Amino acid sequence: MTENPRKILVTCALPYANGAIHLGHMVEYIQGDIWVRTQRMLGAEIYFVCADDAHGTPIMINAEKRGITPEVLIAGTQQEHEADFADFGISFDHYSSTHTPANEALSTAVYTRMDDAGLIERRPVEQFYDEERGMFLPDRFVKGICPKCGAADQYGDSCEVCGSHYDPTDLKDPRSVLSGSTPVRRSSEHHFVKLGELEDVLKSWMGDGRLQPEVVNKLEEWFEDGLKPWDISRDAPYFGFRIPGTEDKFLYVWVDAPIGYMAAFQELAEREGVDFDAFWSADSAAEVHHFIGKDIVYFHCLFWPAMLHAANYRLPTAVHAHGFLTVNGEKMSKSRGTFIRARTYLDHLAPDYLRYYFASKLGNGLSDIDLSLDDFVARVNSDLVGKVVNIASRCAGFIHKRFEGRLAAELPDPALFEQLAGARDEIAALLTARNYNRAVRQIMALADEANRYIDENKPWQLIKEAGREAEVHGVCTQGINLFRQLAVFLKPIIPQTIERAEGFLNIEPLTWEDAGTPLLDHALNPFQPLLMRVEEAQINAIQEASRETLAAATDAAPSAPEAPAGPAEPIAEEIDFEAFSKVDLRVARITAADHVEGADKLLRLNLDIGGETRQVFAGIKAAYEPEKLVGRMTVMVANLKPRKMRFGLSEGMVLAAGPGGSDLFLLNPDDGATAGMRVK
C-alpha cells in the first residue's frame, strides 16, 4: 500500500448538552464517521474529535428546574451522549465538553486577539429584562405578536408564519417565557465583532472550493445584504465563560462552541503527543474538515472563519453540510412515534442497519433524506442479509462440512475477482467525495455479480455428482473471496458487522488494499450469523417505545420552562368595520409548492387567484409536504402590500389556524368555490 501523506482533523457539530441524541442527529455523526473510517483505511493520519456544547441560558434554566447545578446536568448528559455514540460505532478519537479549562483558555485567547486587532466594538443595546427573574432575556425566551404580519405566539428572533427576522424589542405584547410577566426595556453594554471588516477574507476563503455550491449561493445572499456586527456577549446570569476584563459579561455560546473543536483536539494532542500547531497554525499544511447540518451554515461559514482569521489561526479546509431527516416522508413526530432517540433504536436493532440505510440515501449535497420505515426493512433485508451476508453463509457450510474449514489454493474465476478488485479506487473516490449513495449502489451491483456466480455454478448440485468435489471447493472459495472484497468496501459503513466477518474469516482487520489480494489455502473459523433479518415487530416496538419515552421525558424535564397558564394570546387592538372591509380575502388555487432553500419554516407557494398568479412565502413547512398542497384551494389576503424577503418577493398571505408547528391548518373555502372568488 502506498503511503498516504494526508494529515486530517475531522469534527462534527457539537450536540447540545440539554437533551438526548435522536436519529436526526445521527445522520451527521454517521456521515462523518463513514468518511473518517474510509480515510483511515486509505492510510491517512486522521483524528476525529467532538464535544458536548455545554453553555447557554437553556442549560442554566433546565438545571435550575431540576434542582441541580449546570455542571451536574452537563456531566450526566455527556455520559449519555458518549454511550450512544460508542454503541452506534462512531469512532471518535476524543470526546470532550466545551466547559473545560482548555476551551476557556482558547476562547479567552481568541477574544483577546480579536480585541487587540481592533475588531471588537462596545456599545449599548436595549433588551428585554424580566424583573421577576432578574435577568435579561435571550431571543428565544421572549414571545409576542409578530411586528410584520401580526401572528401571535412568535419568538423574539423570527416569525414562524411569515418568516420575518426582527429584534426582540420589536415584538408587540411581549411576554417572558420564563415567568409569563411583561418584560421591560433596559440598556446594557454589549461586545460586537466587526464582521464587515472581514468580508474580503471570507469571500476569498469560500471561493476556494471549500463549500458546496448551495452554501456558496447562500453566503453570497448574506454578503449582498451586508454583514452586520455580530453580538458576542451575554449578560449575567449566564452559564458560560466570562469575557476578559468584565464582571457581568459572558461569551455567547456560539463563540466558545466552535472553539471547542480546537480545545478537544488540544486535549487529544497532549494525550497522544501530536503537534497541535501543525494542524491549527495559520500556515498549516494539514486539513481540517467540519461536518454540520445546513441549519448552522451561518455560524460555521461566517462567524467561525472570521474568528479564526482574526485570531491568526488557519481556516477550515472544508465545511460539509447535510440536510435534515424526515421519517415516513414527514417531520419527526412524537405522537406518531417517529421522533426516535438513538438509545431507543439501539434497544431494539443493531446500529449497522441504520448506518447502511443512511449511507444508501446520503449524497454530497444539502438535500433532506427520508427514513421510510417500510423501505428501511425491505432494503436492509434485501441488501445486507439477502445479498452480502448470504454469500458467506451459502459457501461457509460447504467449506466446513466437506473441506475441513480450509479454502482452496486457487480461484476458479480470477477474472471475476479482478473485476471487484478493479472497483476499489472508484468506490474509495465516491466515499471520499461523500457520494455514499452512489458507492452503495456500486457495491450492491458487485454483490449481485457475486450471487450470480454462485447461482450459475450451483455448488449444492455439484456436490451430488461424483468426482466434482474440487469444483465445489473452488466455487465456494471464490464466493468467500468475493464476500471478503465486499466486506472491505462496506467496512466504513457497517463496521461492527465487518468486525464479526473478520472473525469468521480468521484474518487481521481489513485494509483497502486487501480487496486486491485473494485469500487462499486459509483456515476459516466456524460461521456464525452476521446479521439477522429486521422484523416488522421490531419497528413497531421502536415506535411504541418512542411515544412512551418522549412523553415521559417531556413531562419530567422540559428544556425550557413554559409560561404560566392563562389566555392563549392577548386580543389585538380593535379596528373598526371600515378598516376591516379593506382586507380583500380571495379564494386561491395552489398551483405549485416548493421547499425554500435555507429556510426552516417556509414553503414557496404559487397561487392562482383567477387569471393572476401570486408568489407567497408561508410558514407552514412543519405541517405540510409541498406535493400534497398542489391543486388545493385555500384563502389568501390578496391586497397585502408585497414584501421583499431574502428568498424573494412575497405577494400576499395565506390564512391558517392552529397552535403552530405541525399543528397548523390552512383555511379552506366552501366546496364549489373558484379561484379569484372573493370571500365575504
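Considering only residues that are on the phi < 0 side of the Ramachandran plot and out of contact with any helix residue (DSSP H, G or I) (no Cβ under 6 Å at 6 or more places or on another chain), look in region 133-143 and name the one that is surrounded by the fewest Cβ atoms within 10 Å (Cβ to Cβ).
Among those that are on the phi < 0 side of the Ramachandran plot and out of contact with any helix residue (DSSP H, G or I) (no Cβ under 6 Å at 6 or more places or on another chain), it is ARG140.
Cβ-Cβ distance below 9 Å, separation of 6 or more or different chains: which pairs start in region 91-104 with a residue that is closer than 10 Å to CYS50 by Cβ and end on one that is open to solvent by 20 Å² or more (accessible area, probe 1.4 Å) and of a type in the set (Lys, Arg)?
From region 91-104, the pairs are HIS94/ARG271.
Looking at region 101-132 only, could you name the residues that are in a loop (DSSP other than H, G, I, E, B) and either out of contact with any helix residue (DSSP H, G or I) (no Cβ under 9 Å at 6 or more places or on another chain) or buried (at least 18 other Cβ atoms within 10 Å of the Cβ) (or both)?
Selection gives LEU119, GLU131, GLU132.
Go through (1) open to solvent by less than 70 Å² (accessible area, probe 1.4 Å); (2) at pLDDT 95 or above one by one and return the number of the condition LEU462 breaks.
Of everything listed in (1) open to solvent by less than 70 Å² (accessible area, probe 1.4 Å); (2) at pLDDT 95 or above, LEU462 misses just condition (2).
What are the pairs with Cβ atoms under 6 angstrom where one residue, in region 217-228, is closer than 15 Å to SER204 by Cα and the other, located anywhere, is part of a loop (DSSP other than H, G, I, E, B) and open to solvent by less than 20 Å² (accessible area, probe 1.4 Å)? Sequence gap at least six, or different chains.
none
Return the pair list, or none, for Cβ contacts closer than 7 Å from residues in region 607-633 that are open to solvent by 30 Å² or more (accessible area, probe 1.4 Å) to residues that are part of a loop (DSSP other than H, G, I, E, B) and of a type in the set (A, V, I, L, M, F, W, C), at least 6 apart or on different chains.
ASP608/ALA675; GLY610/ALA675; LYS621/LEU602; MET633/ALA673
Is it the case, given these coordinates, that GLU502 is over 30 Å from SER367 (Cβ atoms) and either open to solvent by 40 Å² or more (accessible area, probe 1.4 Å) or not in a helix (DSSP H, G or I) (or both)?
Criteria not met by GLU502.
Which of (1) over 30 Å from GLU469 (Cα atoms); (2) touching a residue at least 12 places away in the same chain (Cβ under 8 Å); (3) not in a loop (DSSP other than H, G, I, E, B) is the odd one out, the single condition ALA396 does not satisfy?
Among (1) over 30 Å from GLU469 (Cα atoms); (2) touching a residue at least 12 places away in the same chain (Cβ under 8 Å); (3) not in a loop (DSSP other than H, G, I, E, B), ALA396 violates only (1).
Considering every residue within region 242-255, establish whether at least one is touching a residue at least 60 places away in the same chain (Cβ under 8 Å) and part of a helix (DSSP H, G or I).
yes
State whether one or more residues within region 403-416 are surrounded by 21 or more Cβ atoms within 10 Å (Cβ to Cβ) and part of a helix (DSSP H, G or I).
no
Residues ALA537, ALA556: which one is surrounded by fewer than 14 Cβ atoms within 10 Å (Cβ to Cβ), among the small types (Gly, Ala, Ser) and either closer than 30 Å to ALA447 by Cα or at pLDDT 95 or above (or both)?
ALA537
Being β-branched (Val, Ile, Thr) and farther than 14 Å from VAL274 by Cβ is the filter here; which residues of region 37-51 pass it?
THR38, the sole residue that qualifies.
Do the conditions hold for GLY43, that is, is it open to solvent by 10 Å² or more (accessible area, probe 1.4 Å), of a type outside the set (A, V, I, L, M, F, W, C) and either assigned to a loop (DSSP other than H, G, I, E, B) or in contact (Cβ under 8 Å) with a residue 40 or more places away in the chain (or both)?
yes
So, in region 279-320, how many residues would count as being in contact with a strand residue (DSSP E or B) (Cβ under 7 Å, 6 or more places away or on another chain) and either open to solvent by 40 Å² or more (accessible area, probe 1.4 Å) or assigned to a loop (DSSP other than H, G, I, E, B) (or both)?
Going through region 279-320 one residue at a time, the tally reaches 6.
For every residue, the table says whether it meets (1) modelled with pLDDT of 95 or more; (2) within 30 Å of the chain's Cα centre (by Cα); (3) within 18 Å of ALA152 (Cβ to Cβ).
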position	(1), (2), (3)
VAL177	no, yes, yes
GLY180	no, no, yes
PRO183	yes, no, yes
HIS190	yes, no, no
SER204	no, yes, no
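Quick check on my filter: what residues within region 149-183 are surrounded by 18 or more Cβ atoms within 10 Å (Cβ to Cβ) and of a type in the set (Lys, Arg)?
Passing the criteria: only ARG175.
Going by what's in this entry, would GLN496 be described as assigned to a helix (DSSP H, G or I), modelled with pLDDT of 95 or more, under 32 Å from the mean Cα position of the chain (by Cα) and surrounded by fewer than 17 Cβ atoms within 10 Å (Cβ to Cβ)?
yes
State which residue pairs qualify: first residue closer than 21 Å to PRO58 by Cβ and inside region 176-190, second residue of a type in the set (Gly, Ala, Ser) and surrounded by fewer than 16 Cβ atoms within 10 Å (Cβ to Cβ) in any location, beta carbons under 6 Å apart, and separation of 6 or more residues or different chains.
Partner pairs satisfying both residue conditions: VAL177/ALA563; GLY180/ALA563.
Pairs only if they're at least six apart or on different chains, beta carbon under 8 angstrom, first in region 276-290 and closer than 15 Å to ALA311 by Cα, second of a type in the set (A, V, I, L, M, F, W, C) and open to solvent by 30 Å² or more (accessible area, probe 1.4 Å); list them, first residue then second.
Qualifying pairs under 8 Å: SER284/ALA278.
The values are calculated or read from the model by the stated rules, or taken from the named source; none is laboratory data. Worth saying up front: this structure is predicted, and the values here are computed from it rather than measured. Positions of Cβ are backbone-derived with ideal geometry, glycine not excepted, and every protein chain shown enters the neighbour counts. These area figures cover heavy atoms from the full protein model, side chains too; ligands, DNA and RNA do not enter into them. Shrake-Rupley method; radii C 1.70, N 1.55, O 1.52, S 1.80 Å.
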